[in-house]
Amino acid sequence: MKLLGHQMLQDAELENLIVALGQRAQHFHQQVGNTQSPRAEHEESARSLESQIHRGRGRPLFYPYVGTGAGHGVYVELEDGSVKMDLINGIGIHILGHGHPALIAAALKGALADIVMQGNLQPNREYVEFTNKMVDLASRSSRLRHAWLATCGTMANENALKICRQKVTPARKIVAMKNAFAGRSTLMAEVTDNPAFKEGLPEYDEVLRLPFYDKRDPQSGKKALELMRSYVERHPKDICCFTFEPMQGEGGYKVAPREYFIPLLELCRREGIPVWADEVQTFCRTGRFFAYETLEIGEFVDVCTVAKTAQNGVTLYTEEFNPKPGLIAGTFSGSTVSLAAGLKVLNILDQENYMGPGGRIEKIHQGFIKMLNDLNQGSCKGLLQDAEGLGLMIAVTPFDGTKEKQLELLKALFKNGLMAFGCGRDPYRLRFLLPAVTTEQDIRRASEILEKSVLELL
Ligand SMILES: Cc1ncc(COP(=O)(O)O)c(C=O)c1O
């Protein structure tokens with residue numbers, strides 16, 4: 001006899017109900033289209049919700065954003081009745097945009113399970129299937145063979161660091177990049193290279209910094225390598241890992257060529273220094289599942305972390321880096337819904353034409369970069385410079401690259417219907433985490449809003 005849980009998952013009546021629920025929800029989601037100004041009759045209740053958030057957490061929102069739960073593609077409806085173009089996606093969570101029918105169906109199915117949260121002690125089927133998919137994707141072009149789940153990127157990173165340290169115990173020092181971002185825990189704030197994110201925290205003196213590739217300095221790769229060599233000499237057997245974002249996220253959406261990484265990675269290999277790629281932001285976004293595939297450096301990676309798009313945090317590691325029992329654990333591994341939805345996201349990206357040359361991600365990238373460059377050469381001459389990035393991660397330097405102008409433009413964009421976010425310091429950049437469902441029409445609309453907003457600030 002079929003197990004009850006299996007019967008439930010395959011039950012035609014439930015399937016029909018899920019389809020009907022999904023269709024009914026789409027009736028609302030699909031009405032969200034094109035940008036819309038706030039509506040007077042909703043403004044008071046929206047401001048009340050925002051001030052409740054302010055009171056509850058003790059500080060205001062960056063944007064007056066409280067979503068209603070309705071959205072479609074790049075568009076999202078807010079409580080003040082406005083509709084915004086969401087080109088930041090909760091800082092990289094909603095790669096399939098808002099209101100995606102297949103994702104909602106997967107989430108509905110997940111919500112029927114006997115438990116809401118799954119754990120590392122008592123996993124359900126969704127845990128198995130999601131983990132299998134992660135291992136399958138990771139092992140295609142690297143030596144990574146295991147996946148440990150957590151609930152966010154920071155926790156995935158904490159686990160990564162512990163795994164590296166245990167492997168080369170008692171080595172302590174972490175080699176990380178200038179302008180790195182690694183998350184918000186005490187130790188990840190230490191790895192992060194931004195004083196504003198650790199005001200009042202002591203320095204633990206655990207991190208050695210390397211400069212990231214600088215396209216304006218032809219010597220930047222050489223300088224990084226020399227510094228790495230000097231660290232190896234000065235701290236023999238005391239470097240527990242080299243960690244890097246293959247494309248820097250918070251640091252300014254900086255891209256480095258393969259040739260920059262290879263000598264550093266070869267040195268690590270010779271010296272037995274574990275290599276940990278932080279792909280929390282880059283995962284699924286560079287046009288390949290992993291940026292280490294885009295850069296063709298997968299063979300060097302011992303540990304890799306992802307989150308955001310995966311809807312869960314994951315630490316991936318090779319057979320040799322499988323830690324001893326007891327080192328990594330934790331109550332939660334993710335919710336049943338986040339595991340089911342994460343699997344669906346990965347399957348859609350894997351099976352439909354998103355990845356690789358000629359895939360949708362590459363087309364969106366080219367269209368968006370061209371749009372930014374056209375504005376910079378045309379009506380917004382010189383005011384949107386240096387558009388670059390990989391795949392769905394794109395940044396541009398607005399005006400003179402000062403923080404004041406960046407913030408002014410972000411607020412103007414929001415008012416005019418487009419949500420982006422900042423990254424980098426010196427220059428302060430405007431970043432976009434585009435959903436993989438962005439259409440050519442969406443890019444044209446983004447261009448109109450960008451142009452209007454930039455010209456308003458002149
Ligand atoms: C590269 C990188 N690492 C780690 C993190 C932390 O992830 P989370 O916010 O899910 O803890 C982030 C988040 O932005 C990130 O971009």
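A few points about this structure:
- Any strands (runs of 3 or more DSSP E) falling wholly within segment 144-256 and containing at least 3 residues that are of a type in the set (D, E, K, R), within 12 Å of the ligand (Cβ to nearest atom) and surrounded by fewer than 20 Cβ atoms within 10 Å (Cβ to Cβ): none
- Any hit, segment 335-357, residues being part of a strand (DSSP E or B), within 16 Å of the ligand (Cβ to nearest atom) and surrounded by 21 or more Cβ atoms within 10 Å (Cβ to Cβ): yes
- Checking each residue in segment 16-38 for being within 19 Å of Lys411 (Cα to Cα) and surrounded by 13 or more Cβ atoms within 10 Å (Cβ to Cβ) picks out Thr35, Gln36, Pro38.
- Contacts under 7 angstrom Cβ, first residue in segment 257-278 being on the phi > 0 side of the Ramachandran plot, partner surrounded by 14 or more Cβ atoms within 10 Å (Cβ to Cβ), 6 or more apart: Gly272/Val168
- Considered as a group, the residues in segment 413-434 that are over 17 Å from Leu372 (Cβ atoms) and not hydrophobic (A, V, I, L, M, F, W, C) include one that is surrounded by the fewest Cβ atoms within 10 Å (Cβ to Cβ), and that residue is Asp426.
- Breaking point among (1) touching a strand residue (DSSP E or B) at 6+ places or on another chain (Cβ under 6 Å); (2) at pLDDT 95 or above, for Arg229: (1)
- The one condition in (1) outside any strand (DSSP E or B); (2) modelled with pLDDT of 95 or more that His72 fails to fulfil: (1)
- Filter result (touching a helix residue (DSSP H, G or I) at 6+ places or on another chain (Cβ under 6 Å) and assigned to a loop (DSSP other than H, G, I, E, B)) within segment 133-143: Ser141, Ser142
- Taken together, Gly110, Gly119 contain a single residue that is buried (at least 16 other Cβ atoms within 10 Å of the Cβ), closer than 14 Å to Leu343 by Cα and away from the ligand (no atom under 16 Å from the Cβ), which is Gly110.
- Conditions (1) within 19 Å of Glu245 (Cβ to Cβ); (2) modelled with pLDDT of 95 or more; (3) surrounded by fewer than 16 Cβ atoms within 10 Å (Cβ to Cβ): number failed by His365: (3)
The values are calculated or read from the model by the stated rules, or taken from the named source; none is laboratory data. Everything numeric here is computed off the predicted structure, so don't read it as measured data. Virtual Cβ from ideal backbone geometry, glycine too; neighbours counted across all protein chains shown.
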